[in-house]
Amino acid sequence: MQLSEKLSYLGVILPSLSLLPSSWRARSQSRRFVTGNGLHAHWHDTWPEDPQVELGWDHLIRTRENATAFHSPVWQHALGRPFIRAGRYRLLTIREGTDLLGVLPLQLNPGGMLETPGSMISDYLDPLISHRRSDAVWASLLEALNRAPGMDVSQVVLHNARMECTDLNAISSTALEEGFEVITEETAQTACIPLASTWDQYLTRLGGHNRKEVRRKLRNAQTKANAELVIAQTEEDVLAALNTVFGFMRQAGGSKGIKARWTFRPLFKRVAGGLVRSGKLKVYMLRLEGREAAGLISFPSKQGPLLWAAGFDLEMSQWSPSIVLFALAMQQAIAEGAKYFDLLRGQQRYKSELGAVNSPIYRITLRKFA
C-alpha cells in the first residue's frame, strides 16, 4: 500500500500541481455536453451546488434494489471532501432531461488516472446506473471519459464492484469503440448470511456444533446477564451509540483503535445525521448486566442490514458479547422480513460459523489503448 493511499484513508489528500492543469476551466472542452445517445453529461470538479442533483441522486438510489448507504450523496460527499479541498475531485453525472440516470464519483491521480474514491472504507462502490436506458448511460459515461475537460484520461479504475450490479456487457460493448480495454480482477470476498423466515429455521442451517454454541451463548447471556438489544435510530441516540462503539474499538488497540479514532469518528461525525434522516443508519447496542457491552454499526438496505463495524467492552468478554449481539440483531432482522444479513468484507472465522456465504467483488479497469 502506497503512502498516499494510507494518508487518504485518514482523510489527508495531498495536492499536486501536476494534477491541477491550469487549462481545466480554459480548455475548449465543455464540462456539459450532449452525448451520442442524446443524454446530457456533466463533469463537476467540486460538489454540486444545485440541490436537484442530490434529489435526483437519492431518487436513483430508491430505484435500485442493491443500492446501499455507500452510494448515497451523504456518504460520497464525506469521502470526496478531502479530494475537493485538494482540487482532485471529479463527479460525472448523466441526465435525460431532468432525470438523473447515472452518477460516477471519481478522484484524479497522476498520469491521467481516475478512480472511485473511498475503496478502503466503502465495501460496495459499483457505479450507480439507472435500469432505464442502462446501455445508453454506460455508453455516455465512456464517451464522457474521452471528453474530460483539462485532461487526457489514461485509465479509470472502478473499485469494489459487484457483478450482479454492474452491466459488464454494456461496458465492454462500448469500451472498444471509445478506445478502452476492460480488465476485471477479483479483489476481495464479502460474507452474507441468507436469512430464513424464523430464527429456528435459520439455526437449522448451521452445523451442529455452531448451532449449539450460538444457542448456549445466547441463553447464557440472557439468563445470567439480562442480555437486552437496544436499537439506536434517532440522530441523538445514534451519535451517542457511535461514540460508545468507537470507544470499544479504541479499547481493542492496534490498527482498529487507530482507525476508530482518526478515520471512523470524523467520517461518521459528518455522515451520521444525513444517513439517519434518510433511514440508512442505525446502531445495534447490547446491554449486559445493565450496561452497554457491545455495539454494531448497521446500514439498512432493501435486502437487509449491512453490518459495517462492531466493538465490545473487553471487560464483558466472558459473555461472548459479539456473538450474542449478532444473534439478537439477526433475530430483529428476521422479524423485520430481511432476506440477508450482510457482513461485508473480510474472512473472519465467526462469519462462516454463522452460516455466511462468500461472494467476490471486483476491480474493473478501463485502460486506454496506447
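Please go through region 138-173 and pick out each residue that is polar (S, T, N, Q) and surrounded by fewer than 22 Cβ atoms within 10 Å (Cβ to Cβ). Within region 138-173, Asn146, Ser154, Gln155, Thr166, Asn169, Ser172, Ser173 meet the criteria.
Where helices (runs of 4 or more DSSP H) fall wholly inside region 186-255, the ranges with 3 or more residues that are under 17 Å from Val324 (Cα atoms) are 199-204, 208-224. In region 216-229, which residue that is loosely packed, with under 15 Cβ neighbours inside 10 Å and of a type outside the set (D, E, K, R) is nearest to Leu267 (Cα to Cα)? Within region 216-229, the match that is nearest to Leu267 (Cα to Cα) is Asn226.
Return yes when Phe248 is crowded, with 16+ Cβ neighbours inside 10 Å and within 22 Å of Leu343 (Cα to Cα) and no when it is not. Reasoning before the result, please.
On the way: crowded, with 16+ Cβ neighbours inside 10 Å: yes; within 22 Å of Leu343 (Cα to Cα): yes.
Spelling it out, Phe248 is indeed crowded, with 16+ Cβ neighbours inside 10 Å and within 22 Å of Leu343 (Cα to Cα).
Checking Glu213, Glu235, Glu292 one by one, the residue that is more than 30 Å from Asp152 (Cα to Cα), crowded, with 16+ Cβ neighbours inside 10 Å and outside the structural domain of Pro73 (by TED's automatic domain parsing) is Glu292 and no other. Checking Leu328 against (1) assigned by TED's automatic domain parsing to the domain that holds Leu218; (2) under 21 Å from Phe70 (Cα atoms), only one condition comes out false. Which one? Unmet condition: (2).
Sort through Ala144, Ala188, Ala148 and tell me the only one that's among the hydrophobic types (A, V, I, L, M, F, W, C) and under 20 Å from the mean Cα position of the chain (by Cα). Give the steps one after another, and end with the answer.
On the way: Ala144 fails: under 20 Å from the mean Cα position of the chain (by Cα); Ala148 fails: under 20 Å from the mean Cα position of the chain (by Cα).
The conditions single out Ala188.
The values are calculated or read from the model by the stated rules, or taken from the named source; none is laboratory data. Source: prediction; values computed, not measured. Please note: Cβ atoms are built from the backbone with ideal geometry, for glycine as well, and neighbour counts cover all protein chains shown.
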